[in-house]
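A.B. asks: Encoded as structure tokens, here's the structure I'll be asking about.
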Amino acid sequence: MNKSLVVQKYGGTSVGTLDRIRHVAQRIARIRETGTQVVVVVSAMAGETDKLVKMAREICDNPERREMDLLLSSGERISSALLTMALQSRGIPAISMTGRQIGLQTDSVHTRARIKQIDAKRARQALKNNNVIVVAGFQGINEQGDVTTLGRGGSDTSAVALAVALGASQCEIYTDVDGVYTADPRMVPKARKLDVVSYDEMLEMASLGAKVLQIRCVEFAHKFQMPLVVKSSYIEGGKGTLICEENANMEQPVVSGIMYDKNQAKITLKEVPDQPGIAANIFEPIAAAGLSVDMIIQNISAEGHTDLSFTLGREELNEAMVIMEKIAKKIHAVNVSADSKISKISIVGAGMRSHSGVAARIFKSLSKEKINILMISTSEIKVSCIIEQKHTKAAVNALHKAFGLDKKPTAVKSIEKQKTATRKKSKAKKK
Ligand code: ADP
Ligand code: ASP
Ligand code: MG
């Protein structure tokens, strides 16, 4: 491990204007003064990727994913070149690199490619020559040499992968909030910053909508035990949030966060014949198209028919509906409909493993707000509910309050301690 090397990633808002880029250059200059080597990964300037996506959709209904990748990768190239120039103008030796130049090799799944390996020879040489390397995040190349991108938010993953490949001591993610919160601080004014979060919890949070870190970045960090720190690029100092392996000293709150995801859609098939093989008929073609279904709900059968609903990411809705309309005819379903005005609200906490009653509390607080639950799913450390999208803010705030997340956490450890104390007291009484 190279203790004096740090990988820092700056997100879109952190490099959103030329002033912000100059500010980042200043921060890097200060770190260099301490003798630390820096590899920087940048996102496209804020709004740039959305703008490129919009342009592509205006020119073509269904743009080829390969072409999308070449287009979208350009946003990160702009910010890496500009930041490099800002560093050079301060007299700091710096070099910009694209995904290809940094040796980031991926599979060929355009627009959501996975990193296969990093050939960091050139990066090592640049570091030997005392350069700051400014990497265009979010991109790599496949075996054919075509440009690929890593999915929205993918610069986070580029940063972790580089930190691992170069043996950095940690990977720092600089963004527009000063850490990971109990809920999106823009949605829940009373959200509280968490000092430490385990990889497992962060993985759940990211997959359930906390877009502060891309899911794959957390998977990667977990796999290679790379400590991740989330900090604000606007604030000097500050400890941010550390994401690391769960350990015995960590407080384990029953619930550590409330997440929401508005990017969901629901498809319902009405009056499907209730026969063996029907579910396979429906979900096999969906899986074959590479679409991933999240929740599934099937009603109790009446007169040999049943209704079946499932959810998936909203960007996959159109593709899924084309498939479902064909299937509906084949299996003689009465009709198929789509609803994209839904949200998934999730409650996450490693302490749920040893605690019951979380689901009941969720249902009670949503019912108090008169919010109807459309679907429910649970796992070891989370409970998710689908609700109407218009209730998102009310639901997240109500649950945040119901679980006391704005206050000091209710740690499982302290609950256990309380229980032991009560047990001892009642034993003493009996005696
Ligand atoms: P960047 O451009 O730096 O990658 P993102 O917009 O991808 O930044 O992620 C940061 C945003 O994530 C914050 O502005 C915040 O609104 C949002 N967010 C959602 N959930 C959380 C959470 N639990 N903690 C912190 N931020 C969150
Ligand atoms: N620019 C890309 C996006 O907006 C990647 C990133 O910012 O991480 O999703
Ligand atoms: Mg991001």
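A.B. asks: Is there any pair linking a residue in segment 149-163 that is over 16 Å from Gly103 (Cβ atoms) and in a loop (DSSP other than H, G, I, E, B) to one that is of a type in the set (A, V, I, L, M, F, W, C) and more than 13 Å from ligand 1 (Cβ to nearest atom), with Cβ under 8 Å and at least six apart or on different chains, and which?
C.D. replies: What qualifies is Gly151/Ala113.
A.B. asks: Can you tell me which condition Ala94 does not meet? The list is (1) more than 16 Å from ligand 3 (Cβ to nearest atom); (2) without any contact (Cβ under 8 Å) to a residue 12 or more places away in the chain, and all the others hold.
C.D. replies: Against the list (1) more than 16 Å from ligand 3 (Cβ to nearest atom); (2) without any contact (Cβ under 8 Å) to a residue 12 or more places away in the chain, Ala94 comes up short only on (2).
A.B. asks: So which residues in segment 167-190 are of a type outside the set (A, V, I, L, M, F, W, C) and either within 16 Å of ligand 2 (Cβ to nearest atom) or modelled with pLDDT under 95 (or both), if there are any at all? Step through it out loud before you land on a result.
C.D. replies: Of segment 167-190, the ones of a type outside the set (A, V, I, L, M, F, W, C) are 167, 169-170, 172, 174-176, 178-179, 181-182, 184-186, 189-190.
The answer is Ser169, Gln170, Glu172, Tyr174, Thr175, Asp176.
For every residue, the table says whether it meets (1) aromatic (Phe, Trp, Tyr); (2) within 16 Å of ligand 2 (Cβ to nearest atom); (3) surrounded by fewer than 23 Cβ atoms within 10 Å (Cβ to Cβ).
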position: Arg192; (1), (2), (3): no, no, yes
position: Met202; (1), (2), (3): no, no, no
position: Met205; (1), (2), (3): no, no, no
position: Val218; (1), (2), (3): no, yes, no
position: Ala221; (1), (2), (3): no, yes, no
position: Val230; (1), (2), (3): no, yes, no
position: Glu236; (1), (2), (3): no, no, yes
position: Glu246; (1), (2), (3): no, no, yes
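A.B. asks: Can you spot a residue in segment 177-188 that is under 18 Å from Gly349 (Cβ atoms), hydroxyl-bearing (Ser, Thr, Tyr), in contact (Cβ under 8 Å) with a residue 60 or more places away in the chain and not in a helix (DSSP H, G or I)? Explain how you work it out, then say what you get.
C.D. replies: Initial filter on segment 177-188 (under 18 Å from Gly349 (Cβ atoms)): 179-184, 188.
Adding the requirement that they be hydroxyl-bearing (Ser, Thr, Tyr) leaves 181-182.
Next, from what is left, pick out any that are in contact (Cβ under 8 Å) with a residue 60 or more places away in the chain: 181-182.
Going one step further and asking which of them are not in a helix (DSSP H, G or I), we end up with 181-182.
Among the residues of segment 177-188, at least one is under 18 Å from Gly349 (Cβ atoms), hydroxyl-bearing (Ser, Thr, Tyr), in contact (Cβ under 8 Å) with a residue 60 or more places away in the chain and not in a helix (DSSP H, G or I), which makes the answer yes.
Yes/no per residue for (1) farther than 26 Å from Arg314 by Cβ; (2) in contact (Cβ under 8 Å) with a residue 12 or more places away in the chain; (3) within 17 Å of the chain's Cα centre (by Cα):
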{"site": "Met202", "(1), (2), (3)": "no, yes, yes"}
{"site": "Glu219", "(1), (2), (3)": "no, yes, yes"}
{"site": "Ser233", "(1), (2), (3)": "yes, yes, no"}
{"site": "Gly237", "(1), (2), (3)": "yes, no, no"}
{"site": "Gly240", "(1), (2), (3)": "yes, yes, no"}
{"site": "Glu245", "(1), (2), (3)": "yes, yes, no"}
{"site": "Gly257", "(1), (2), (3)": "no, yes, yes"}
{"site": "Lys266", "(1), (2), (3)": "no, yes, no"}
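A.B. asks: What residue, of Ile258, Ile243, is out of contact with any Gly (no Cβ under 6 Å at 6 or more places or on another chain), within 16 Å of ligand 3 (Cβ to nearest atom) and of a type in the set (Val, Ile, Thr)?
C.D. replies: On the way: Ile258 fails: within 16 Å of ligand 3 (Cβ to nearest atom).
Result of the check over Ile258, Ile243: Ile243.
A.B. asks: Determine whether segment 6-21 contains at least one residue that is more than 23 Å from Ile141 (Cβ to Cβ), away from ligand 1 (no atom under 16 Å from the Cβ) and not aliphatic (A, V, I, L, M).
C.D. replies: There is at least one residue in segment 6-21 that is more than 23 Å from Ile141 (Cβ to Cβ), away from ligand 1 (no atom under 16 Å from the Cβ) and not aliphatic (A, V, I, L, M).
A.B. asks: Given the conditions (1) surrounded by fewer than 18 Cβ atoms within 10 Å (Cβ to Cβ); (2) touching a His at 6+ places or on another chain (Cβ under 6 Å), report the number of the one that Lys116 does not fulfil.
C.D. replies: Unmet condition: (2).
A.B. asks: Right, Glu316: charged (D, E, K, R) and assigned to a helix (DSSP H, G or I) or not? Don't jump to the end; show me each part of the working.
C.D. replies: Working: charged (D, E, K, R): yes; assigned to a helix (DSSP H, G or I): yes.
When the stated conditions are applied, Glu316 passes them.
A.B. asks: In segment 195-205, what residues are in contact with an Asp or Glu (Cβ under 9 Å, 6 or more places away or on another chain) and not in a strand (DSSP E or B)?
C.D. replies: The initial filter retains those residues of segment 195-205 that are in contact with an Asp or Glu (Cβ under 9 Å, 6 or more places away or on another chain), namely 196, 198-201, 203.
Answer for segment 195-205, where residues must be in contact with an Asp or Glu (Cβ under 9 Å, 6 or more places away or on another chain) and not in a strand (DSSP E or B): Tyr199, Asp200, Glu201, Leu203.
A.B. asks: Got at least one residue in segment 29-41 being under 21 Å from the mean Cα position of the chain (by Cα), within 16 Å of ligand 1 (Cβ to nearest atom) and on the phi < 0 side of the Ramachandran plot?
C.D. replies: Narrowing segment 29-41 to residues under 21 Å from the mean Cα position of the chain (by Cα): 40-41.
Subsequent filtering for residues that are within 16 Å of ligand 1 (Cβ to nearest atom) retains 40-41.
From what is left, the residues that are on the phi < 0 side of the Ramachandran plot are 40-41.
Among the residues of segment 29-41, at least one is under 21 Å from the mean Cα position of the chain (by Cα), within 16 Å of ligand 1 (Cβ to nearest atom) and on the phi < 0 side of the Ramachandran plot, which makes the answer yes.
A.B. asks: Just need a number here: residues in segment 266-296 that are in a helix (DSSP H, G or I) and acidic (Asp, Glu).
C.D. replies: Taking segment 266-296 and keeping what is in a helix (DSSP H, G or I), we get 278-288.
Filter again for acidic (Asp, Glu), leaving 284.
Of the residues in that region, 1 qualify.
A.B. asks: Going by the structure shown, is Val358 under 24 Å from Ala210 (Cβ atoms), in contact with a Leu (Cβ under 9 Å, 6 or more places away or on another chain) and not polar (S, T, N, Q)?
C.D. replies: Values: under 24 Å from Ala210 (Cβ atoms): yes; in contact with a Leu (Cβ under 9 Å, 6 or more places away or on another chain): no; not polar (S, T, N, Q): yes.
It is false that Val358 is under 24 Å from Ala210 (Cβ atoms), in contact with a Leu (Cβ under 9 Å, 6 or more places away or on another chain) and not polar (S, T, N, Q).
A.B. asks: For segment 135-146, name all the residues that are in a strand (DSSP E or B) and surrounded by fewer than 24 Cβ atoms within 10 Å (Cβ to Cβ).
C.D. replies: Step one: list which residues in segment 135-146 are in a strand (DSSP E or B), which gives 135-136, 139-141.
If the condition is that a residue be in a strand (DSSP E or B) and surrounded by fewer than 24 Cβ atoms within 10 Å (Cβ to Cβ), then Ile141 is the only one that fits.
A.B. asks: Among the candidates Ser377, Ser365, Ser354, Ser337, which residue alone is among the polar types (S, T, N, Q) and under 21 Å from the mean Cα position of the chain (by Cα)? Step through it out loud before you land on a result.
C.D. replies: Working: Ser365 fails: under 21 Å from the mean Cα position of the chain (by Cα); Ser354 fails: under 21 Å from the mean Cα position of the chain (by Cα); Ser337 fails: under 21 Å from the mean Cα position of the chain (by Cα).
Residue meeting the stated conditions: Ser377.
A.B. asks: Okay, next question. Counting only residues that are modelled with pLDDT of 95 or more and either within 16 Å of ligand 2 (Cβ to nearest atom) or assigned to a helix (DSSP H, G or I) (or both), how many does segment 112-134 have? Write out each step before concluding.
C.D. replies: Restricting attention to segment 112-134, the residues satisfying the condition of being modelled with pLDDT of 95 or more are 113-134.
Add one more test, that the residue is either within 16 Å of ligand 2 (Cβ to nearest atom) or assigned to a helix (DSSP H, G or I) (or both), and what stays is 113-115, 121-128, 134.
Qualifying residue count, segment 112-134: 12.
A.B. asks: Turning to a different aspect of this structure: Report, by residue number, each residue of segment 212-261 that is in a helix (DSSP H, G or I) and within 16 Å of ligand 1 (Cβ to nearest atom). Give the derivation first.
C.D. replies: Restricting attention to segment 212-261, the residues satisfying the condition of being in a helix (DSSP H, G or I) are 215-223.
Residues satisfying the conditions are Ile215, Arg216, Cys217, Val218, Phe220, Ala221.
The values are calculated or read from the model by the stated rules, or taken from the named source; none is laboratory data. Owing to the predicted nature of the structure, the values given are computational and were not obtained by experimental measurement. With ideal geometry, Cβ positions are generated from the backbone for all residues, glycine too; neighbour counts draw on all protein chains shown.
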